[in-house]
1. Can you pull out the residues in the stretch 37-47 that are in contact with a strand residue (DSSP E or B) (Cβ under 7 Å, 6 or more places away or on another chain) and either open to solvent by 10 Å² or more (accessible area, probe 1.4 Å) or among the polar types (S, T, N, Q) (or both)?
2. Filtering the stretch 227-245 down to residues that are crowded, with 22+ Cβ neighbours inside 10 Å and not in a strand (DSSP E or B), which residue is nearest to the ligand (Cβ to nearest atom)?
3. Can you pull out the strands (runs of 3 or more DSSP E) entirely within the stretch 64-165 that have at least 3 residues that are surrounded by fewer than 22 Cβ atoms within 10 Å (Cβ to Cβ) and out of contact with any Ser or Thr (no Cβ under 8 Å at 6 or more places or on another chain)?
4. So in the stretch 278-294, with the set limited to residues that are under 23 Å from GLU258 (Cβ atoms) and of a type in the set (Val, Ile, Thr), which one is farthest from the ligand (Cβ to nearest atom)?
5. So VAL91 clears everything in (1) within 16 Å of the ligand (Cβ to nearest atom); (2) modelled with pLDDT under 95; (3) out of contact with any strand residue (DSSP E or B) (no Cβ under 8 Å at 6 or more places or on another chain) except one condition, right? Which one?
6. Can you find a residue that is surrounded by fewer than 21 Cβ atoms within 10 Å (Cβ to Cβ), more than 13 Å from the ligand (Cβ to nearest atom) and hydrophobic (A, V, I, L, M, F, W, C) anywhere in the stretch 208-221?
7. How about the stretch 287-335: which of its residues are of a type in the set (Ser, Thr, Tyr) and open to solvent by 50 Å² or more (accessible area, probe 1.4 Å)?
Amino acid sequence: MTDRRRFLQTGLLAAGALAVPGMRAQTNNASARARVVSTWDFGVQANTAAWRVLETGGSALDAVEAGARWAESELCNPTVGHCGRPDRDGVLTLDASIMDGDGRCGSVAALQDIAHPISVARRVMEKTPHVMLVGEGAQQFAVQQGFAKQRLLTPAAEQAWRDWLKTAEYKPEINAERRSQPGNKDNHDTLGMLAIDAQGKLAGACTTSGMAWKMHGRVGDSPIIGAGLYVDNEVGAATASGVGEEMIRNAASFLVVELMRQGRTPADACREAIDRVVRKRPEASKTLQVCFLALNKHGEVGAFALHKGFVYAVCDADEHEDLRESASVYATKQL
Ligand code: SD4
């Protein structure tokens with residue numbers, strides 16, 4: 001991280017809201033109104049990959065694909081791409097989705113042995129009449145499209161799985177501290193990325209290996225349009241990280257966008273979606289992490305989480321390495 005990186009601790013009431021002028025004065029710089037935001041601290045680097053596209057006037061869709069590809073292959077992260085942790089049978093399966101603000105979308109779930117699920121998701125969107133391909137069919141399609149099959153499970157991930165087998169206890173951990181801090185279980189590190197380009201068009205991407213030690217065949221929220229990702233040029237975009245079952249139960253990313261449509265700020269919309277999770281499952285919510293990140297069509301950003309520890313990265317023409325901490329319902333780890 002360079003000196004330019006700022007880390008902003010936001011208060012509960014600030015709720016991660018950002019005082020960003022909706023429309024900056026237009027300048028000759030094509031990227032003057034462009035902005036990209038991502039979940040977690042590695043979102044800073046993922047944003048940098050996306051920003052290379054946006055700063056040259058590229059589309060939000062190309063930007064989020066570039067950012068997600070970076071996370072899938074350049075980062076060794078236990079919840080995304082080639083370093084992801086396997087399911088309880090020792091099989092690494094990847095989920096991803098991509099969507100633009102015109103409603104075009106594609107996704108893959110339970111994809112094995114393909115390094116860039118986000119790009120396969122984009123091909124599903126662009127080359128098929130469908131939205132979602134899963135498992136073997138998704139892999140067949142990827143191979144037909146020229147993606148190479150390769151074994152992705154790293155020796156470290158395999159060892160972690162063997163260690164887990166000793167107890168074989170499935171218990172999602174709350175990511176209550178930043179990844180770089182000791183004690184973090186590193187169990188929630190999905191990349192959710194949202195971007196607005198110089199033309200004011202929005203797009204989003206979400207990529208993950210899902211919950212470590214999940215049942216074989218389990219699909220989380222990340223590849224489900226409306227749960228882990230939703231984008232609408234009329235309003236804004238939302239994405240999620242955390243225990244995906246909660247996002248699916250609440251159609252949560254769609255909910256966040258619809259709340260913004262009704263006039264909520266991105267932070268308020270995320271907070272209401274989190275409140276909904278708590279109201280529906282008050283006991284369970286004490287032991288699960290759920291995090292939402294939203295970007296509206298004016299470029300305003302907001303976030304909210306169930307538990308303390310969710311950070312997100314913001315990148316635009318003024319600031320490339322801005323890392324912020326989301327406000328949360330529970331200020332301390334509940335477990
Ligand atoms: C899932 N939402 O598969 C993903 C996991 C996650 O950070 O976000 N981890 O449920």
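The values are calculated or read from the model by the stated rules, or taken from the named source; none is laboratory data. From a predicted model like this one, the values you see are computed outputs, not experimental measurements. Cβ atoms come from the backbone with ideal geometry, glycine included; neighbour counts cover every protein chain shown. For accessibility, only protein heavy atoms count, side chains too; no ligands or nucleic acids. Shrake-Rupley method; radii C 1.70, N 1.55, O 1.52, S 1.80 Å.
1. Filtering the stretch 37-47 down to residues in contact with a strand residue (DSSP E or B) (Cβ under 7 Å, 6 or more places away or on another chain) leaves 37-44, 46-47.
Result: SER38, THR39, ASP41, ASN47.
2. GLY244
3. none
4. Top of the filtered list is VAL278.
5. (2)
6. Looking for residues that are surrounded by fewer than 21 Cβ atoms within 10 Å (Cβ to Cβ), more than 13 Å from the ligand (Cβ to nearest atom) and hydrophobic (A, V, I, L, M, F, W, C), one finds none in the stretch 208-221, hence no.
7. Within the stretch 287-335, THR287, THR332 qualify.
Rundown of residues vs (1) more than 24 Å from CYS315 (Cβ to Cβ); (2) at pLDDT below 95; (3) among the polar types (S, T, N, Q), yes/no style:
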residue	(1), (2), (3)
CYS76	no, yes, no
GLY106	yes, no, no
ALA109	yes, no, no
ARG123	yes, no, no
LYS127	yes, no, no
LEU133	yes, no, no
GLN145	yes, no, yes
